[in-house]
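Right, one structure below, let's go through it.
Every number here is computed from the coordinates shown, using simple stated rules; none is lab data. Just so we're clear, the structure is a prediction, and the values are computed from it rather than from any experiment. Note that we place each Cβ from the backbone using ideal geometry, even for glycine, and neighbour counts take in every protein chain shown.
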Amino acid sequence: MITASHLTKSFGRLKALDDFSVSMARGQSVLLIGPNGSGKTTFIKCLLGLVIPEKGELTLDGGSLLEKPDLRRMIGYMPQIGRFPDHLKVGQIIEMMRGIRRGSHERTDEDLIEAFEIGKLAHKPARTLSGGMRQKLSACLAFLFDPDIFILDEPTAGLDPVAAEILKEKVRAVRERNKLVLLTSHILSDLDDITSDVMHLIEGRLQFYRPIAGLMEEHGETKLSRVVARIMRESATPKTPC
Amino acid sequence: MLRIVKYVVQDIVRSRIVIAYTAFLLAAAIGLFNLGGDISKGLIGLLSLVLFVVPLVSLIFGTIHFYNSYEFIELLAAQPLKRRTILLAEFLGVSIALGAAFLLGIGVPVALFAANNTGFTLIATGLGLTLVFIALAFLGAVITRDKARGIGMAMLLWFYFAILHGGLMLFVMFYFGDYPLEKATVGMIALNPIDLGRVIVLLQMDVSALMGYTGAMMKDLLGTALGITCGAGVMALWAAAPLAISLWRFQRKDL
């Protein structure tokens, strides 16, 4: 569904993505991991058209994401830090997004708006929202237009346990409907049960990209966090790459 | 695009800065008109105020608004929207909001106390300067990633146009006074939208004789309908060029 081939992007001397190639299909739920500055965010931003790669191609169902901004109608994005115009009310922000996306989707999905009780906040100006409430609003906007691809950057950070559970339940539900979910997170224990594959980046290169079941088996662990910690530790100690 | 403009305007008109700006302009305008009793004196005072405050507020507010909307612009850019649509919508939104503030603060008192040719030229000039300096603010903010540096640049720009440029002109005229500088002076004025605005309004006032020989020359060159059109054209260019460059840069910008 999404194919990246030979993506390269550098910021000054730092290579954020270095000849990065990968492909993802419907029904997958891919967890992007890697140390800070490994290129996770850059990759996500390339997908969203926020960062323009120097080299490489990025296609969505065969169409070039870099050339056709309209393809982004298939993507729902939840940013790491949601910030909205200070004086707009929550209701107005949702209304505006509906206006922007008008005609680009077949149905809307208001489950999260109901589950998070966003209706109660409709008259609050965005500047009065707490971090967690902004996260909830971001999540609602990402899921609202029932896209085919979900890009969730640190989705559970800042959410209370109840809200995090609601969001995870939602991710599980869309995956069952054969959609693609791409996640990043630092709180790994949170996400084992909604992840199907793990993609590990280091210095802009793909270290590995494998189904989670195989990984756990190989490392003899049952918790994703332990497996990841182990892999990160191993990759941090200098040794010849195998 | 208009849909986004609508919400950008709704956001900005509720901000305290814009409300304070409107109130300040309104109070100053009413005060100046009631001070001397003479309408044209009031207009001259108002002209100095407008040339000083409007560029400053437009530059600083435009810059701060852009940086504060950064995450939101990012979210919009991740939607199926063209980059140029997003930037144009932001530009129009800020322009409409600050333009409305100016119309309410200066336009209404002028229409009440000094509804003449000069008064309306002053209003048009103020609106023109609003657009020019918002465009310059956006250009600075698109080019510079760092907020502090961007605001610093906005202040430098204001300092240059409001103060330094006049000093440089004086310097040139002083040292090269022996040469025929009249046409060069007109050219130099065109390089500064604030001076350009001042000249356009003053030429409507029949006080250009006070500006001496150069003033008379300018009256000759710019006082005609053609001159005013040219002045307005140069002012439009001052808004369009920075906007065009920022649109071009924004399309290639890594957010």
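Counting pairs of alpha carbon atoms under 8 Å apart in space and at least six apart in sequence, what relative contact order in percent does region A:2-236 give? Numbers along the way, then the final one.
On the way: 410 pairs, mean separation 64.6, N = 235.
Contact order relative to length: 27 percent.
Between B:LEU191 and B:ARG149, what's the calculated FRET efficiency when r is the beta-carbon distance and R0 is 25 Å? Round to 0.05.
0.55
When the chain is fully extended, how far beyond the present Cα-Cα distance does A:ASN178 get from A:ALA229, taking 0.36 nm per residue of separation?
Additional length available on full extension: 15.4 nm.
Among the listed pairs A:LYS120/B:LYS147; A:LYS9/B:LYS253; A:LYS124/B:LYS82; A:LYS68/A:LYS89, which have their C-alpha atoms separated by more than 24 angstrom in this model?
From the list (A:LYS120/B:LYS147; A:LYS9/B:LYS253; A:LYS124/B:LYS82; A:LYS68/A:LYS89), the Cα-Cα distance tops 24 Å for A:LYS120/B:LYS147; A:LYS124/B:LYS82; A:LYS68/A:LYS89.
Roughly what angle does helix A:131-144 make with the longest principal axis of chain A, taking Cα atoms, 0 to 90 degrees, to the nearest 10?
90
Need one value for A:79-88: mean number of C-beta atoms belonging to other chains within 10 Å of its residues' C-beta atoms.
Neighbouring Cβ atoms belonging to other protein chains average 6 per residue here.
Need one value for A:95-101: mean number of C-beta atoms belonging to other chains within 10 Å of its residues' C-beta atoms. Intermediate values should be presented prior to the final figure.
Values: counts 2, 8, 4, 1, 5, 10, 3.
Mean inter-chain Cβ contacts per residue within 10 Å come to 5.
Using per-residue counts of other Cβ atoms within 10 Å, averaged over each peptide, order A:56-68, B:89-101 from highest down. Could you put the intermediate results ahead of the total?
Numbers: A:56-68: 15.1, B:89-101: 22.6.
Ranking, from highest mean packing down: B:89-101, A:56-68.
Before anything else, pin down the relative contact order of chain B: Cα pairs under 8 Å, at least 6 apart, normalised by residue count, whole percent.
27
Would any residue of region A:92-118 have its amide N under 16 Å from a label point 7 Å out along Cα→Cβ of A:LYS124? List them or say none.
It comes to A:92-94, A:113-118, nothing else.
Using only Cα atoms, what Kirkwood radius does region B:2-251 have, in angstroms? Write out the running numbers ahead of the final one.
Details: mean 1/r = 0.0526 Å⁻¹.
Kirkwood radius, region B:2-251: 19.0 Å.
Return the tail of the calculated pair distribution for chain A, meaning the percent of Cα-Cα pairs more than 32 Å apart. Please report the intermediate quantities before stating the final value.
On the way: 6238 of 29161 pairs.
For chain A, the fraction of Cα-Cα distances above 32 Å is 21 percent.
Could you give the nm distance between label points at B:ASN117 and B:GLU182, where each point is 7 Å from its Cα heading toward the beta carbon?
Spacing of the two 7 Å Cα→Cβ label points: 2.1 nm.
Quick one: angle between helix A:224-236 and the longest Cα principal axis of chain A, in degrees between 0 and 90, rounded to 10, please.
Its long axis makes an angle of about 50 degrees.
Would you calculate the separation in nanometres between label points at B:ALA240 and B:ALA20, each defined as 7 Å from the Cα along the Cα-to-beta-carbon direction?
The answer from the label model is 3.6 nm.
How far, in degrees from 0 to 90, does helix B:147-159 lean away from the longest principal axis of the Cα atoms of chain B, to the nearest 10?
Its long axis makes an angle of about 10 degrees.
With both partners inside the protein assembly as shown, how many of the DSSP beta bridges are antiparallel, as a percent to the nearest 5?
DSSP beta bridges in the protein assembly as shown are roughly 55 percent antiparallel.
Pop a pseudo-label 7 angstrom from the Cα along the beta-carbon direction at both A:SER64 and A:GLU221 and give the gap in nm to one decimal.
4.1
Can you check what the Kirkwood hydrodynamic radius comes to for the protein assembly as shown, Cα pairs only, in Å to one decimal?
One decimal place: 25.7 Å for the Kirkwood radius.
log₁₀ I(q)/I(0) of region A:90-220 at q = 0.10 Å⁻¹, via Debye over equal Cα point scatterers, no solvent, to two decimals?
-0.38
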